Amino acid sequence: MIHIAVDVGGTRMRAASYQSSSLKPIKLSRINTKQPESTPLERMLELITTVWPEGESIAGLGVAVPGPLDPFEGKIIDAPNIPNWENLPLRQILEDRFKVPVVLGNDANSAALGECKFGAGMGHHHLIYLTVSTGIGSGVIIDDKLLLGASGFASELGHVTVLRDGPLCPCGQLGHLEAVASGTAIARWVEGELDQDAPSTLLPGKRLTAIEISAAAQNGDPLAKAAIVRAGEFIGQAIADFLHVFNPSIVIIGGGVSQSGRLLLEPVKSSMQKHVMNSHFLDNLLLTTASLGDEAGLMGALVLAREMHTKES
Ligand SMILES: [Zn+2]
């Protein structure tokens, strides 16, 4: 039985076809999401065709897409950075075109599934996945099932308030975890400190990226290190709350900022210990970084295709 997985990002999209129980793609293809000569949807349809094994029938198609979507209706609500992907009935479009069952998943939810089934979370049944990059995305798996909620919007763990009246979050609220601990938030905080003449090898007066700050931190820059530690403390504070709600056996941190490794994980851990209601929540809890990197979304889309979660519910 062959399945096709598609991972759509604001910059690139990838698709691959797989035989049952294999993770080695039969065909794999990647293209830019945006090109002047065609729309992202046209490009996606073409991409799927290129990985379709010749003469074979496909059992299902799983698609990971950024931004909020309705996984039950298979409809994209608003995919950030992809023009005109608003209220787009993508599942219907794909099913009409390819005549196979299709399931859509939010990209962070899909990455959580990928890490759970094939990555750092293998063997775990209760898992929290956070991806800390430009923003903070997340997915929660309980009893081997992705938590979707009544409308499919569940587990937006980046949008919990950790700092009352804190900085403005891209969602419009103040003091959310994403607004104080994402890669973007780390960079803005360092820029603010540099404006106040904080000692650092980083130069004031220009836009910084989390990658530059992470590199400076690895080289021992005190301000860059303080920024990663600060973000880690907020993440740990939030995770303590998530432990109380979900009681997972593993918490996986992915995304670009997680490449800071121990520098990020140590403050996450100590903050988590400080804020947890009792130490039993930490018994047998594994805190680790993601292992699939960029592959997590595609692997999650494959899990979606193979398991067809929304069809079961
Ligand atoms: Zn928010």
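A few comments on the model shown:
- Hey, Ala120 near the ligand (Cβ under 10 Å from one of its atoms), modelled with pLDDT of 95 or more and buried (at least 18 other Cβ atoms within 10 Å of the Cβ) or not: no
- Flag if Gly114 is touching a Gly at 6+ places or on another chain (Cβ under 7 Å), within 21 Å of Ser21 (Cα to Cα) and in a helix (DSSP H, G or I): yes
- Only one entry in Leu41, Leu61, Leu28 is of a type outside the set (Lys, Arg), in a helix (DSSP H, G or I) and surrounded by 15 or more Cβ atoms within 10 Å (Cβ to Cβ), namely Leu41.
- Leu45 meets each of the listed conditions (1) in contact with a strand residue (DSSP E or B) (Cβ under 8 Å, 6 or more places away or on another chain); (2) farther than 23 Å from Glu307 by Cβ apart from (1).
- Cross-chain or 6+ apart pairs with Cβ under 9 Å, the stretch 179-199 first and over 14 Å from Ala226 (Cα atoms), then among the hydrophobic types (A, V, I, L, M, F, W, C) and more than 12 Å from the ligand (Cβ to nearest atom): Ser182/Val132; Ser182/Ala210; Ser182/Ala231; Ser182/Val257; Thr184/Ala210
- Among the candidates Ala198, Ala185, Ala210, Ala215, residue that is surrounded by fewer than 16 Cβ atoms within 10 Å (Cβ to Cβ) and closer than 19 Å to Val132 by Cα: Ala215
- Sole exception among (1) in contact (Cβ under 8 Å) with a residue 40 or more places away in the chain; (2) assigned to a helix (DSSP H, G or I) for Phe72, by number: (2)
- Subset of the stretch 235-258 [more than 18 Å from the chain's Cα centre (by Cα), of a type outside the set (D, E, K, R) and closer than 13 Å to Met272 by Cβ]: Gln237, Ala240, Leu243, His244
- Candidate set: the stretch 232-280, residues that are hydroxyl-bearing (Ser, Thr, Tyr) and modelled with pLDDT of 95 or more; chosen: the one nearest to His125 (Cα to Cα): Ser249
- Among residues of the stretch 270-300, those that are part of a helix (DSSP H, G or I) and over 30 Å from Val65 (Cα atoms), counted: 10
- Verdict on Val257 being out of contact with any Asp or Glu (no Cβ under 7 Å at 6 or more places or on another chain), assigned to a helix (DSSP H, G or I) and in contact (Cβ under 8 Å) with a residue 60 or more places away in the chain: yes
The values are calculated or read from the model by the stated rules, or taken from the named source; none is laboratory data. Not measured: the values here are computed from a predicted model. Neighbour counts run over all protein chains shown; Cβ positions are idealised from the backbone, glycine included.
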